[in-house]
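Engineer: Here it is: the structure, laid out below.
Every number here is computed from the coordinates shown, using simple stated rules; none is lab data. On a predicted model such as this, the values are computed, not experimentally measured, just so you know. Cβ atoms come from the backbone with ideal geometry, glycine included; neighbour counts cover every protein chain shown.
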Amino acid sequence: MTGNLSNLKTPCTITAREMAKAKAGTPENEIISTLSIAIRSLVTILVIFIGVILLVPLQPVLQNPVLPAFNNVVPALFGALGFMYLGMCLKLTILPVTVMPLLYILLPGLIKQNSLMIVPAGAIALAVGFILFKKNKIHLN
């Protein structure tokens, strides 16, 4: 909830240590690092809280049927994440990217279930990855 280690917490800790001119491995560094992460976590929670409070008045606007894009937020997020990982190995993407559109064309009723269709697409990619791994066509890094 308060962010990952490498992108948020570590830079905050390094900056706090540099500002305090504390040396690594000293008790002062431990205290400064702990306090900086705690304060950064509290600030993150506060920003999220303020964002949620400010979104409440916008709720009727965001739920307006004129804005149907908000119905596709979860599939868009999973698609972006999936592309990021599956794009690393094009051999894994060929079959899911061809099978899923064909499935939607043959069974148009599935379009309303696109959030659930992520599961079979992932299963196809996993199966292809397993087969390619067993045939030594791809390697784990």
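Engineer: Within the range 71-94, list the residues whose amide N lies under 14 Å from a label point set 7 Å along Cα→Cβ of L102.
Structural biologist: Counting backbone N atoms under 14 Å from the label point, the list is 94.
Engineer: Note down the net charge around K91, summing +1 for each Lys or Arg and -1 for each Asp or Glu among other residues with Cβ under 14 Å from its Cβ.
Structural biologist: +3
Engineer: To continue, here is another question. Taking the Cα atoms of the chain, report the difference between the largest and smallest coordinate on each principal axis, in whole Å and largest first.
Structural biologist: 64, 52, 15
Engineer: Roughly what would the spin-label model give for L46 and M19, points 7 Å off Cα along C-beta, in nm?
Structural biologist: That separation, rounded to one decimal, is 1.2 nm.
Engineer: Of the options A20, A76, L107, report the single residue whose Cα projects farthest towards the positive end of the charge dipole of the chain (beta-carbon charges: Lys, Arg +1; Asp, Glu -1).
Structural biologist: L107
Engineer: Apply the Karplus parameterisation 6.51 cos²θ - 1.76 cosθ + 1.60, with θ equal to phi minus 60°, to every residue of the range 74-82 and state each ³J(HN,Hα) to the nearest whole Hz, in sequence, with x for glycine and proline.
Structural biologist: 5, x, 5, 5, 5, x, 5, 5, x
Engineer: HN-Hα J couplings of the range 131-138 from phi, Karplus 6.51/-1.76/1.60, θ = phi - 60°, integer Hz, Gly and Pro as x?
Structural biologist: 5, 5, 5, 5, 8, 6, 8, 10
Engineer: Now for a separate question. Hey, with R₀ at 35 Å, roughly what FRET efficiency would L8 and V56 work out to, going by the Cβ-Cβ distance, to 0.05?
Structural biologist: Details: r = 26 Å, r/R0 = 0.74.
With R0 = 35 Å, the Cβ-Cβ based efficiency is 0.85.
Engineer: Amide H to amide H, which residues 5 or more places from I138 or on other chains are under 5 Å from it, using H placed in the peptide plane?
Structural biologist: Hits under the 5 Å cutoff: F133.
Engineer: Using a cut-off of 30 Å between alpha-carbon atoms, which lysines can reach K9, once sequence neighbours fewer than 8 places away in the same chain are excluded?
Structural biologist: Partners within reach: K21, K23.
Engineer: A further question follows. Just to confirm a number: summing +1 for Lys and Arg and -1 for Asp and Glu over residues other than T34 whose beta-carbon lies under 15 angstrom from that of T34, what do you get?
Structural biologist: Net local charge, T34 excluded: +1.
Engineer: Let me ask something else about it. If you put +1 on each Lys and Arg Cβ and -1 on each Asp and Glu Cβ, how big is the dipole of the range 1-99 around its Cα centre, in Debye rounded to 20?
Structural biologist: Charge dipole of the range 1-99: 160 debye, to the nearest 20.
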